Amino acid sequence: MTDPMNRHFLHLPRLLLLALMFMLFASTLMSQTGGIRGFVYEEETGEPVIFTNVYLAKTTFGAATDVNGFYAITQIPPGDYDLMVTYLGYDSLRIPVTVHADAFIDKNLYLTKKSFTLDVVNVSAERQEARTETKTSVIKLTPKQITQLPSIGGQPDLAQYLQVLPGVIFTGDQGGQLYIRGGSPIQNKVLLDGMTIYNPFHSIGLFSVFETDIIRNADIFTGGFGAEYGGRLSSIMDITTRDGNKRRISGKAGASTFGSRLLLEGPISRPKSEGRGGATFILSAKNSYLEQSSKIFYDYVDEDGLPFNFTDLYGKVSIYGENGSKINFFGFHFDDKVNNYQSIANFNWKSFGGGSNFVIIPGRSPVLIEGHVAYSSYEIQLQDENFPTRESEVNGFSMGMNFNYFLGKDQFWYGIELSGYKTDLYYVNEALAVINPSPEFTTELGMFFKYKKTLGKVILEPSFRLQWYATLSDVSPEPRLAVKYNATDRLRFKFAGGLYSQSLISGSSDRDVVNLFYSFISGRVDHPPTFDGKDIKNEYQSAQHAILGSEIDVARNLTLNVEGYYKNFSQVFNLNRNKILNSDPDFIVEQGDAEGVDLTLKWDWKNFHLWGVYSFAYVNRYYENLEGEVEKYSPHFDRRHNMNLVGTYRFGGNLLWEASARWNFGTGFPFTQNQGFYEKIPFTNGIYTDFTGENGDLAVILAGLNESRLPDYHRLDLDLKRRFILGDHASLEVNVSVTNVYDRKNVFYVNRIKDEIVYQLPVLPSMGLSLSF
């Protein structure tokens, strides 16, 4: 009898045959028609212009540029045309081209910034993209959008922007993590230029490890993502960084009451003429000196200061060819430290990695080839007052190649990815039981294909991923589907769903209200063989998504997006918090589900930008109690109502002033109350302990798991910026901001033993300067 792994791999020849048929089909089409391809760049810096429309005037032929600035218009009948590009903030470009059968024209385009910007937006690339892409549960972010939020100390950060996205729950200013539509941090995959980032947020949750000014684009998938992504159950965050300035040395330096940052970029070798090859570099560094500055500016928060320290370094070298093909080399080093704060004696983590990716534009083929190879490492250590040191480490690599064929308005992708992990964990729980799985090196192989087909008003995007967990001897077949129906010019309906899996397991528990110890385990783990009377058949975790939504252009400058979602976490492994003996299982098996509705309303008019987000959600987890009965509980990130209101207004001469505000409201998180206290005798001499004379420790009797709720959370942040023009390429920005304006005492957690409430950060005014050159 054929085992499941071999049975699934019998489909591999069929998948390869299907890919070959598409290549032959594409070649046949090109023999009868022609095509135009190339890149769109900014004239001033040489940076790609992403997600803009390139089209042939007075025809229906056109394409949008991707994250590399690449476009390909295929299946064009031979003839003379005018190639056009229009993009907000740039002069329109129009050039004549002649298309020949069975030939591609390579045409790189350069856009010049306008000397002035019209108050009214006439062309919306975002709205055009909404009609041509499925775009279900995905948000595309650029630095321009991130800077529209109130920033902390003049340092706009991705972490601050992610907190206002629909379906995203943030658990705190100190040690907070992001939970996306019912998924815990371990179930959210974060990629930086193809490198896996295991912990993207610092202990002070206002800042991420990413420098905003080096980001070109960030795709945030909150569910229903396509088969090009694998290895996670809930969400994907895919961040692409910029290449360096091709024209000149430039940069940015900034400092605030929180920290400082530096960015430097420029050409290594300038092309001898327009369109020739060259090389660039970009370097960024940022750090926090809050431990020192807080003793001066924020001593009212804690007389010993706020000992949150971090340093983030990133570097990249790009080498590009004449036709736009390029290769990048990059590396990073992030670290984070907290010293003697609250009940924490010492906490630190560090992460480093490096790799390379490339883009290849072959000769006469309508294909874009992309690939990457990367390595990253993450180490964490935590000491506190009550438990021995906890330590964890993960090292991982990944490599892969993707092929993207352009077939008129349709596209076909396929690719392969190989990844591997080595993890280590030493953890001691409340009962002093040790959790220390044997280190194991695990490998995974993923293969996928994806096809986008436009049928009139309908866009179909079926995809399929085959994920092979070699170390687990398991294969996960994962069909997925995205659909969009353009009912009218102003109304669109969309759907996305599919099957998802992952092998990485968290070394912390979903039940913990506060947990800075963010760790990973891979490979087989010690867990019960059954759940709810049924055998555990797979050693990987699994989930299923279904998302249904609509987009409505209510008015010229007003859009409404509504999405309802359901995620079924059919098998997850969680840390066994009830482990007493070292012989007890390290992990337990759980199931879960998350359902909710997200509403997003955007209004842009002249210099005003308003954004409102509301989320209504339920998150449930199911586990077996000691009697083997299945019980339901709400994890600590289950928030019923969450709302964000964001407003930005630009004003003054040349619009050099900008004011912004953000208000966040969220209902209280679940928590477990104390039911009583007792004296716990440690029995230091075993059975020979004289318990009548030995002093015990104060211990807690807990009530039902997460049956109570903390008070509601709400906070107002304000920000004011003024930019001063110092020269053609130089400007100075002054920023004044206030976080938690009305000093709301939001509960972070309760120290059970001391019976003390620990609050989130109070009102924090800050000021920053940023010099661009």
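The values are calculated or read from the model by the stated rules, or taken from the named source; none is laboratory data. Predicted model only: the values in this text are computed from it and were never measured. So basically every Cβ, Gly included, is an ideal-geometry build from the backbone, and we count neighbours across all protein chains shown. Just so you know, the surface numbers come from the protein's heavy atoms only, side chains and all, with ligands and any DNA or RNA stripped out. Shrake-Rupley method; radii C 1.70, N 1.55, O 1.52, S 1.80 Å.
So, by mean Cβ neighbours within 10 angstrom, what's the order for 537-548, 39-50 with the highest one leading? Could you put the intermediate results ahead of the total?
Numbers: 537-548: 18.7, 39-50: 20.6.
Output ranking for 537-548, 39-50: 39-50, 537-548.
Along the range 558-565, what does the Karplus equation 6.51 cos²θ - 1.76 cosθ + 1.60 (θ = phi - 60°) give for ³J(HN,Hα), rounded to whole Hz, x for Gly and Pro?
3J(HN,Hα) across the range 558-565, in whole Hz: 10, 10, 10, 10, 10, 9, x, 9.
According to the Kirkwood expression over distinct Cα-Cα pairs, how big is the hydrodynamic radius of the chain, in Å?
When all Cα pairs of the chain are included, the Kirkwood radius is 27.8 Å.
Which shape class applies to the range 645-705: rounded if a/c is under 1.5, otherwise prolate when a/b exceeds b/c and oblate if not, where a ≥ b ≥ c are the square roots of the Cα gyration tensor eigenvalues?
Here the range 645-705 falls in the prolate category.
Of all accessible surface on the chain at a 1.4 Å probe, what whole percent is carbon and sulfur?
Numbers: 18560 of 32340 Å².
Here it works out to 57 percent.
Using only Cα atoms, find the angle between the long axis of helix 12-32 and the longest principal axis of the chain, and express it within 0 to 90 degrees, rounded to the nearest 10.
So the helix axis and the longest Cα principal axis differ by about 20 degrees.
Would you calculate a helix-derived [θ] at 222 nm for the chain, using -39,500 (n - 2.57) for each DSSP H run of n ≥ 4 and dividing by the full residue count, to the nearest 500?
Rounded to the nearest 500, it is -2000 deg cm²/dmol.
7 Å from Cα along Cα→Cβ at both residue 767 and residue 641: what's the point-to-point distance in nm?
The answer from the label model is 3.9 nm.
For residue 87, what residues show an amide H to amide H distance below 5 Å, using hydrogens built from the backbone and excluding near sequence neighbours?
Long-range HN contacts for residue 87: none found.
Among the DSSP beta bridges whose two residues both lie in the range 184-255, what percent are antiparallel, rounded to the nearest 5?
In the range 184-255, approximately 65 percent of DSSP beta bridges are antiparallel ones.
For the peptides 180-187, 494-501, 405-412, what is the packing order when you average, over each peptide's residues, the other Cβ atoms within 10 Å and list the highest mean first? Provide the component values of the computation, followed by the final result.
Details: 180-187: 26.4, 494-501: 23.2, 405-412: 19.5.
Output ranking for 180-187, 494-501, 405-412: 180-187, 494-501, 405-412.
R0 = 41 Å: FRET efficiency of residue 296 with residue 725, Cβ-based, nearest 0.05?
E between residue 296 and residue 725, to the nearest 0.05, is 0.80.
Using amide H atoms built in the peptide plane, which far-off residues or other-chain residues are under 5 Å from residue 526 H to H?
Distant-sequence amide H within range of residue 526: 586, 587.
Taking 45 Å as R0, compute the FRET efficiency from the Cβ-Cβ separation of residue 659 and residue 270 and round it to 0.05.
So the FRET efficiency works out to roughly 0.65.
Using a Förster distance of 35 Å, how high is the FRET efficiency between residue 358 and residue 555, based on the Cβ-Cβ distance and rounded to 0.05?
Working from the Cβ atoms, E equals 0.20.
Please give me the summed charge of the neighbours of residue 220: other residues whose Cβ is under 14 Å from its Cβ, Lys and Arg +1, Asp and Glu -1.
Residues close to residue 220 contribute a combined charge of +1.
In sequence order, what are the phi-derived ³J(HN,Hα) couplings for the range 571-587 according to the Karplus relation 6.51 cos²θ - 1.76 cosθ + 1.60 with θ = phi - 60°, rounded to whole Hz, with x for glycine and proline?
Taking θ as phi minus 60°, the curve returns 7, 9, 10, 10, 4, 7, 6, 8, 5, 10, 9, 5, 7, 5, x, 6, 10 Hz for the range 571-587.
Hey, rough spin-label estimate for residue 422 and residue 681, points 7 angstrom out along Cα→Cβ, what's it come to in nanometres?
4.7
Given the chain, what percent of its DSSP beta bridges are antiparallel, to the nearest 5?
Values: 313 of 324 bridges.
Beta bridges within the chain, antiparallel portion: roughly 95 percent.
If you split all Cα-Cα distances of the range 503-654 into 5 Å bins from zero, what percentages do you get per bin, shortest first?
For the range 503-654, the binned pair fractions read 2, 7, 14, 15, 15, 11, 9, 8, 7, 5, 4, 2, 1, 1, 0 percent.
Can you tell me the length gained on complete extension of the stretch residue 303 to residue 410, counting 0.36 nm per residue apart and subtracting the Cα distance?
Numbers: separation 107, 0.36 × 107 = 38.52 nm, distance 6.18 nm.
So the extension gain works out to 32.3 nm.
Mind giving me the nanometre distance, one decimal, between the label points for residue 102 and residue 584, set 7 Å out from Cα along Cα→Cβ?
7.4
In 10 Å bins starting at 0, how do the alpha-carbon pair distances of the range 393-527 split up by percent?
10, 28, 25, 20, 13, 4, 0
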